[in-house]
Amino acid sequence: MRHKSWLGIILFLFTTLATGGIALADGETLPARDPKQPIDEAYTAKIRKYTTAPYFSSPLVDYLPASNTVPTPEVVLGDVAGAPGILPYAEDVYKYMRLLEKATLRVKVVSIGTTEEGREMIAVAVSSEANLKNLEQNRQRLAKLADPRTIHLDDAEADKLVAESVPVYYITGTIHSPETGAPTALMELAYRLAVDESPYVREIRDGVITLITPVVEVDGRDRMVDLYRWHLAHPKDFYPPLIYWGKYVAHDNNRDAMGMTLKLTQNVLNTYLGWNAQVLHDLHESVPYLYDNTVGDGPYNAWVDPILVDEWEMIGARNVADLTKFGMPGVFTHGDFDTWSPGYLMFLAAMHNGISRLYETFGNAGADTRERTLQPDEYARTWFRPNPPLPKTLWSQRNNNNYEETGLLTSLHYFNENKRLFLKNFYLKGKRSIQKPSAEGPAAYILPADDPRASVQADLLRIMLKQHVEMSRATNAFQVTLPVKKEKKPSKATDTEEKPKPSPTTRDFPAGSYIIRMDQPYSRVADTLLDYQYWSPEDPQTTPYDDTAWTLGELFGVQVTRVTDPKVLSVPMEHVTELHASGGVNGEGSMFAIDNHAEPALASLRYRLKDASIDAAEEPFESGGHKFSRGTFLIHGVSRSELDVTTKSLGLHAVALAAAPGVKTHPVRAPRIAYVHTWISTQTEGWWRLAFDNLQIPYDYMSTQALAKIPDLNAKYDVILFPPVTGSASSHAIVHGTPTTWGNPLPWLNTPETPNLVGKNDSTPDMRPGLGWDGVAKLQTFVQKGGVLLTATDTSQFAVAIGLASGVTFSNSEKMKIVGSIVGTRLVDAASPIAYGYEEKVSAYCDDGPIFSVTSILGARRRHLGPEMKSRPTGRGTKDDPDFVIGRPASEIPEEPEKELWEAPQPTDDQRFNNPRVIPTANRARVILRYADSKDLLISGLVENGNEIAQHPAVLDVPSGAGHLVLFSINPVYRGETENTYSLVLNTLLNFDSLNAGRKDADQK
Ligand SMILES: [Zn+2]
């Protein structure tokens, strides 16, 4: 068989060369259509008509080959791909792909899952009949290359598989819904790959399996098409911005490749790995005209294999060269983007031994043809962009489709030309991942069985399973040797004294501890997510593109030990495929206690056990030989069996107690929650919603507009949650929204033109109005009358700006740079219910958080730039001596009350005199958590000039009237990655009517 097929290939090559295929001197085929294949004249004429200048096209896409049997995209679109005025819904794109599948054996469509709102996601495979017929055999070959353990890391065997295998190149479109061009480009690309008989395209079809997910964010695509239809129906009006994309998040759907919380991320990864693809190429639109940002700029992610970096350079450079030779301006591969964070969808490939790629082409956010004027930095000629885009040009969706298709076709062709190299690299990257323990290390990561936060540990490990990381559990207790910390070299050359070598330390782990072995093909992703990050303040890259840190052990607040000792790999262990934290009830008694370790599952429990009575212990206590921490749940009024079932499903441990412990308690209630969003952005709050839904905590979701219309907020709600808007929204924008004095209403409603707009989220006849002054007054009344308002980052600044937080001021940083980093915070008031379950040190996500200060006098401001100058004035004596004044007895200098930076300074007697602005102690802000000292601030990522925020409050409880304002400077709920700080929010909710518990007001005057 093999000999025969080789002969076939040789014959085929001869035939190709003899019948008009144009080959380069080295045998590489040039793009040129097959003169024997007729073209679709009408379609081709429209392509040319909609292309605004000949140089915005290429010999690959300036015609469409005709077929008697296979329908063109026109049958579904009613016009050609990229035609003005036409944006298909996902359903229409699928319809066309399935028509292709029916018409040709070169196309196969598979369903790859659904979205949060239940819409289908698909993948379309295009290749030769033979390749699609032999998919399964090919998949098995690729699976062996993907997991070199199956062939015992045998390079010769790998070479055989490489020679026989057809690689898979996976293309994903329109994850970002306002970036609208990809679906039509991919419809036409699928047609071309299936139909075009030119040697150039035929080589791709015979040599590669092109896999296409034409719409990644399906929910957002349908909304975007709705809005575009509304725009066509109301051409003179402003049309509403796309406030919701998917159910939860907008642009951040492309930052989920670490947390894996969204269906689209899970579906794409399962498809990518299920097909054992070599490339994941994600299509975006924002930069003129084609920025292949695969190569981008430094710093590169420190965990990717250098082999991948070479591949980026090879493919990127060649891609630019090919399009430049076609005369297409504005194609480049270096530019604004660092390849540090692994949060992008394309990075699923980089983390799983493949090749990640990303295009930014130029979209018009719709299918209008528009005059586009660029910014000087966009059209400037630079070293990496010798042929820049034009300063001003008429631009069409067809131009965009031409660039996307030309870029993809040349990429596919180059990939096919070099597929043996790329397949071998694919195998090598897998092999080197398996060899990690004996090469760069570590050997494993261990998560101990006795971690007190078992349910959170399980959540973290579930991320690993979603990432297809193999996991094991030790069947016995074991010990590992920890690396010896290197001693710093003596500073003086003369100091040659031999220091005794510190003996190696060991650590014991109990049976049942989780071991993530690094001798597996996907060790890279586990290593990346569990390791620490360091971004130097001296890095030449001064504007990190996204977060600089993501260390999941810190962000989840669970113990993770990086082990280099290879002996850990021979510990007896079993494979784990499903994760469930153990739970249930132990002991005998009629009441039950659940120790508090700030596990978010406690909040779920409170809402699930609606009729049970739950109290929180205000102090630590001991009972029946168990030690319980402050905040422990004391539960009665529920049957043992019901509690057993509930705690088992939540991974919580309850202990039955013989008698109620003699400790002060208060009730833990399930509050009625108003959850507030703006019509400015729902991006950042979306992550909060997702967390609440996963925890099954109910809330009423409403806009600032709707809140302002509720006559009596206190009658309906106990807590108002106002999560961050963007992180940096102005108070002006929150109050006033978008201007209403000009322009037209911007409805977010289901109408005949917009049937998909309102999903499971919210609606309004006009998105423009904000909270308004009525709403501000409503919020003030709500808090004054005893309600709790919880805010974070920009909404905290807003709450301070409208005067809800007496004695709290904020300032913005001057030189500080904390860019999506993990910072240290310290518990200041462990007796506050907000702090229940936390230890003294809490790692938190911070992104240049607002710098809060507390004062004891209204209107006073505190310095925030470190300690005040306390040097003595010029005078007699030594530096530490008192000064004296000639001719009078020495005066005693009054002792200044020592106050920490996070505390409100006590007013002096003079400041108190006849001063109604002095805030009574009981009304002063209570600092729950503060940022760590400057030297302890950085845990992971970039912290520059951290002294500006060091020691300042991170979480504050401010009494206001009969209620409370709880302010966060950190963002505690973010991208499914910060479970460690969720309970700071959840504790506020569950203790909403007892927030003053444990408050020390002894010094009250
Ligand atoms: Zn994008």
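The values are calculated or read from the model by the stated rules, or taken from the named source; none is laboratory data. From a predicted model like this one, the values you see are computed outputs, not experimental measurements. Note that each Cβ is placed from the backbone with ideal geometry, even for glycine, and that neighbours are counted across all protein chains shown. With ligands, DNA and RNA removed, areas are computed over all heavy atoms of the protein, side chains included. Shrake-Rupley method; radii C 1.70, N 1.55, O 1.52, S 1.80 Å.
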Checklist entry - Taking a spot 7 Å from the Cα of Glu28 along the direction of its beta carbon, which residues of segment 299-328 have an amide N less than 19 Å from it? => result 310-328
Checklist entry - To the nearest 20 debye, what charge dipole does segment 519-658 have about its Cα centre, counting +1 at the Cβ of each Lys and Arg and -1 at the Cβ of each Asp and Glu? => result 460
Checklist entry - At 4 °C and 1.567 mPa s, what whole-number value in µm²/s does Stokes-Einstein give for the translational diffusion of segment 290-383, with Rh from the Kirkwood sum over Cα pairs? => result 89
Checklist entry - Could you sort His575, His736 by accessible area so the largest value comes first, with the probe set to 1.4 Å? => result His575, His736
Item to check | Label-point separation in nm, Ser286 to Asn476, each point 7 Å along Cα→Cβ | outcome: 5.4
Item to check | Spin-label zone in segment 718-755 - amide nitrogen under 17 Å from a point set 7 Å from the Cα of Ala777 along the C-beta vector | outcome: 735-736
Checklist entry - When the Cα centres of segment 510-525 and segment 30-82 are compared, how far apart do they sit, in Å? => result 51
Checklist entry - How high is the FRET efficiency between His732 and Asp450 when r is their beta carbon distance and R₀ equals 56 Å, given to the nearest 0.05? => result 0.65
Checklist entry - Using modelled amide H (1.01 Å from N, peptide plane; none on Pro or chain starts), what sits under 5 Å from the amide H of Thr665, excluding residues fewer than 5 places away? => result Glu618
Checklist outcome for this item: With the dipole of the chain defined by +1 on each Lys or Arg Cβ and -1 on each Asp or Glu Cβ, the option from Ala729, Thr678, Ile175 whose Cα lies farthest towards the positive pole is Ile175
Next on the checklist: Rounded to the nearest percent, how much of the accessible area of the chain (1.4 Å probe, protein heavy atoms only) is carbon and sulfur?
Outcome noted: 53
Checklist entry - Just how much of His653 is accessible, in Å², when a 1.4 Å probe is used and the result is rounded to the nearest 10? => result 90
Checklist entry - Which ³J(HN,Hα) values in Hz, rounded to whole numbers, follow from the phi angles of segment 914-923 under the Karplus curve 6.51 cos²θ - 1.76 cosθ + 1.60, where θ = phi - 60° and Gly and Pro get x? => result 6, 10, x, 8, 6, 7, x, 3, 5, 9
Next on the checklist: What does the charge count around Ala130 come to, taking other residues whose C-beta lies under 12 Å from its C-beta (Lys +1, Arg +1, Asp -1, Glu -1)?
Outcome noted: +1
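Rounded to the nearest 0.05, what FRET efficiency do Phe913 and Thr506 have when you use their Cβ-Cβ distance and R0 = 45 Å?
That pair, Phe913 with Thr506, gives E of 0.10.
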Checklist entry - Which distance in nm do the two modelled labels at Thr874 and Lys1000 give, with both placed 7 Å along the Cα-to-Cβ direction? => result 4.3
Checklist outcome for this item: With -39,500 (n - 2.57) per DSSP H segment of 4 or more residues and division by the full residue count of the chain, the 222 nm estimate, nearest 500 deg cm²/dmol, is -9000 deg cm²/dmol
Checklist outcome for this item: Largest first and rounded to whole Å, the semi-axes √(5λ) derived from the alpha carbon gyration tensor of segment 29-74 read 18, 15, 8
Checklist outcome for this item: Residue span Ala801 to Leu394: 0.36 nm per residue of separation minus Cα-Cα distance leaves a gain in nm of 142.0 nm
Checklist entry - Relative to the first principal axis of the alpha-carbon coordinates of the chain, what is the inclination of helix 90-103, with its axis defined by its Cα atoms, in degrees from 0 to 90 and to the nearest 10? => result 30
Checklist entry - Which sequence of Tyr50, Tyr300 reflects their accessible areas, 1.4 Å probe, from the largest down? => result Tyr300, Tyr50
Checklist outcome for this item: Total charge of the residues flanking Gly259 in space, meaning their Cβ is under 15 Å from its Cβ, with Lys and Arg +1 and Asp and Glu -1, is -4
Checklist entry - Heavy-atom accessible area per residue, the chain, 1.4 Å probe: how many Å²? => result 40
Item to check | Net lengthening on full extension, Ala922/Lys716 (0.36 nm per residue, minus Cα-Cα) | outcome: 71.4 nm
Checklist entry - In segment 607-631, which residues have a backbone nitrogen under 15 Å from the label point lying 7 Å from Ala659's Cα in the Cα-to-Cβ direction? => result 622-625
Item to check | For segment 929-946, 3J(HN,Hα) per residue [Karplus equation, 6.51 cos²θ - 1.76 cosθ + 1.60, θ = phi - 60°, Hz, x = Gly/Pro] | outcome: 9, 10, 5, 5, 4, 3, 6, 9, 5, 6, 10, 7, x, 10, 10, 10, 6, x
Next on the checklist: Only four residue types carry charge here, +1 at the Cβ of Lys and Arg and -1 at the Cβ of Asp and Glu. Report the dipole size of the chain about the Cα centre in Debye, rounded to the nearest 20.
Outcome noted: 420
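Report the FRET efficiency, 1/(1 + (r/R0)^6), for Thr373 and His251, where r is their Cβ-Cβ distance and R0 is 41 Å, rounded to 0.05.
The value I calculate is 0.95.
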Next on the checklist: Filter Lys36/Lys424; Lys778/Lys815; Lys144/Lys419; Lys627/Lys899 down to the pairs with a C-alpha to C-alpha distance above 25 Å, please.
Outcome noted: Lys36/Lys424; Lys778/Lys815; Lys627/Lys899
Checklist outcome for this item: Simple spin-label estimate for Val110/Tyr55, 7 Å along Cα→Cβ, in nm, reads 4.4
